[in-house]
Amino acid sequence: MNLWLWILIACVVAYLTKLAGYLVPAKVMENPQMTRVAGTLTIGLLASLTAVNTFSTGQVLVVDARLAALVAAGVALWLRAPFLVVVLAGAAAAAVARLLGAA
Amino acid sequence: MEFSKSPAVRVGLSIAVATGLYGVSFGALSVASGLDLWQTMALSLLLFSGGSQFAFIGVVGGGGSGVAAMSASGLLGIRNAVYGMQMNAMVRPRGWKRFAAAQVTIDESTATATGQSEPLEQRRGFWVAGLGIYVLWNLFTLVGALVGNAIGDPAQWGLDGAAVAAFLGLLWPRLKAREPAAIAVVCAMVTLLAVPFAPAGVPILVAAAVAGVVGWFSHGPAREGLEPDVDPYSSEGK
């Protein structure tokens, strides 16, 4: 139930954020500094999420089969593969690494 | 120009298919992260912003609290406010349409609209991409959640590796210059340094704070990092 509450709050926050752009007077949002922070936040959060999902289990840092997924995804992106192929490459690499004995 | 021959409609439809399809990966990863089918569908129907949805389930899957998941998702959605402002000026929705336009304001619908030069084509691109992705993203989220429920142990299928790949895939198009790449490396390092010392989910917020400070005080191009998850024009013949 607790998770439901945060899901619904996240949904409301997301909608109000989008709506803010349509309702707030243009001058407030036209501030290039605001645009820039939105951009660097996006980069920082996605990099952080990538790192956490690759190297952490709870509060412990680990190197396991997920590193193979990161490398495989990087190669697929380098080769300009579409998003879905990148995700499948990551899953396949992690599954194969585990079959070969990685944790 | 006729609706069916409009280039914006063609781009909008092709990006709707490309983006909608990866709703499969969101649905499967969401149930693997511990959300149920309805919670997964609530995120796609109501929150509807790919990066924020992946962030929410990424924090929950890593053992983070609901409030940390909501915070990461909310911060990642801030760019949508910038898009909303642009689309308000470009699409000019009136009355109830403004509230519908807000919901379908995401990376891809904004990119499709801004890629067109005529006002009519900009409006068509925005609505066709936005509504098309909304329908397909939800349809394929459902497919992914049902498949994810059916396949059993997610680790055996490498679904945790799929999550890693998904985040790298969302980050990649935003790293076209040296500075965004440097920000990404610094934020990843900060996160890993914080992991042993902070509860799950919090290291992500620490990295967000660092990124926000960098954005506030540095002087690179204003639109840095605001790239669509899927390039609207990559599948278009020249």
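The values are calculated or read from the model by the stated rules, or taken from the named source; none is laboratory data. Keep in mind that what you see is a predicted model, and the values were worked out from it rather than measured. Cβ: placed from backbone, ideal geometry, glycine included. Neighbour counts: every protein chain shown. Ligands, DNA and RNA are excluded from the accessible area calculation, which covers all protein heavy atoms including side chains. Shrake-Rupley method; radii C 1.70, N 1.55, O 1.52, S 1.80 Å.
Given the condition under 18 Å from B:L76 (Cβ atoms) and surrounded by 21 or more Cβ atoms within 10 Å (Cβ to Cβ), answer yes or no: does some residue in region A:59-66 qualify? Show your work before the answer.
Of the residues in region A:59-66, the ones under 18 Å from B:L76 (Cβ atoms) are none.
No, region A:59-66 contains no residue that is under 18 Å from B:L76 (Cβ atoms) and surrounded by 21 or more Cβ atoms within 10 Å (Cβ to Cβ).
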(message) Name the single residue that is farthest from B:A145 (Cα to Cα) among those in region B:1-46 being open to solvent by less than 40 Å² (accessible area, probe 1.4 Å) and β-branched (V, I, T).
(response) B:V9
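Please work out which residue is least open to solvent (accessible area, probe 1.4 Å), limiting yourself to region A:67-87 and to residues that are within 22 Å of B:G62 (Cβ to Cβ) and more than 8 Å from chain B (Cβ to nearest Cβ).
In the first step, residues of region A:67-87 are kept if they are within 22 Å of B:G62 (Cβ to Cβ); the result is A:67-74, A:83, A:86-87.
Next, only the ones that are more than 8 Å from chain B (Cβ to nearest Cβ) stay: A:67, A:71.
Working: A:L67: 61, A:V71: 86 Å².
By that ranking, first place goes to A:L67.
Within region A:35-43, is even one residue open to solvent by 20 Å² or more (accessible area, probe 1.4 Å) and within 8 Å of another protein chain (Cβ to nearest Cβ)? Write out each step before concluding.
Start the filter on region A:35-43 by keeping residues that are open to solvent by 20 Å² or more (accessible area, probe 1.4 Å), which leaves A:37.
Subsequent filtering for residues that are within 8 Å of another protein chain (Cβ to nearest Cβ) retains A:37.
Yes, region A:35-43 has at least one match.
Counting just the residues of region A:88-103 that are buried (at least 24 other Cβ atoms within 10 Å of the Cβ) and either over 19 Å from B:D229 (Cβ atoms) or of a type in the set (F, W, Y) (or both), which one comes out farthest from the other protein chains (Cβ to nearest Cβ)? First the steps, then the outcome.
Taking region A:88-103 and keeping what is buried (at least 24 other Cβ atoms within 10 Å of the Cβ), we get A:89-91, A:93-94.
From what is left, the residues that are either over 19 Å from B:D229 (Cβ atoms) or of a type in the set (F, W, Y) (or both) are A:93-94.
Details: A:A93: 6, A:A94: 3 Å.
The extreme case among them is A:A93.
Name the helices (runs of 4 or more DSSP H) wholly within region B:138-238 that hold at least 1 residues that are within 23 Å of A:A103 (Cα to Cα)? Explain how you work it out, then say what you get.
On the way: elements: B:159-171, B:178-194, B:202-217.
Helices (runs of 4 or more DSSP H) meeting the threshold: B:159-171, B:178-194.
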(request) Evaluate the following for B:W172: is it farther than 27 Å from B:T112 by Cα and of a type in the set (A, V, I, L, M, F, W, C)? (result) no
(request) Just one of (1) open to solvent by 20 Å² or more (accessible area, probe 1.4 Å); (2) farther than 22 Å from B:R10 by Cα trips up B:G144, so point out which. (result) (1)
(request) Considering every residue within region A:69-87, establish whether at least one is under 29 Å from B:A16 (Cβ atoms), part of a helix (DSSP H, G or I) and among the aromatic types (F, W, Y). (result) yes
(request) Show the residue pairs that are 6+ apart or on different chains and have beta-carbon atoms under 6 Å apart, the first residue being within region B:209-229 and β-branched (V, I, T), the second being open to solvent by 20 Å² or more (accessible area, probe 1.4 Å). (result) B:V210/B:V190
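From the list B:L192, B:L168, B:L131, pick out the single residue that is farther than 19 Å from A:A38 by Cβ and in contact with a strand residue (DSSP E or B) (Cβ under 8 Å, 6 or more places away or on another chain). Show your work before the answer.
Working: B:L168 fails: in contact with a strand residue (DSSP E or B) (Cβ under 8 Å, 6 or more places away or on another chain); B:L131 fails: in contact with a strand residue (DSSP E or B) (Cβ under 8 Å, 6 or more places away or on another chain).
Among B:L192, B:L168, B:L131, only B:L192 is farther than 19 Å from A:A38 by Cβ and in contact with a strand residue (DSSP E or B) (Cβ under 8 Å, 6 or more places away or on another chain).
Counting just the residues of region B:54-108 that are in a loop (DSSP other than H, G, I, E, B) and of a type in the set (S, T, N, Q), which one comes out most open to solvent (accessible area, probe 1.4 Å)?
The initial filter retains those residues of region B:54-108 that are in a loop (DSSP other than H, G, I, E, B), namely B:62-65, B:77, B:92-95, B:104-106.
Next, from what is left, pick out any that are of a type in the set (S, T, N, Q): B:65, B:105.
Numbers: B:S65: 55, B:T105: 0 Å².
Per the criteria, the residue is B:S65.
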(message) Looking for something more than 18 Å from the chain's Cα centre (by Cα), of a type in the set (K, R) and more than 12 Å from every other protein chain (Cβ to nearest Cβ) - is there at least one such residue anywhere in region B:109-127?
(response) yes
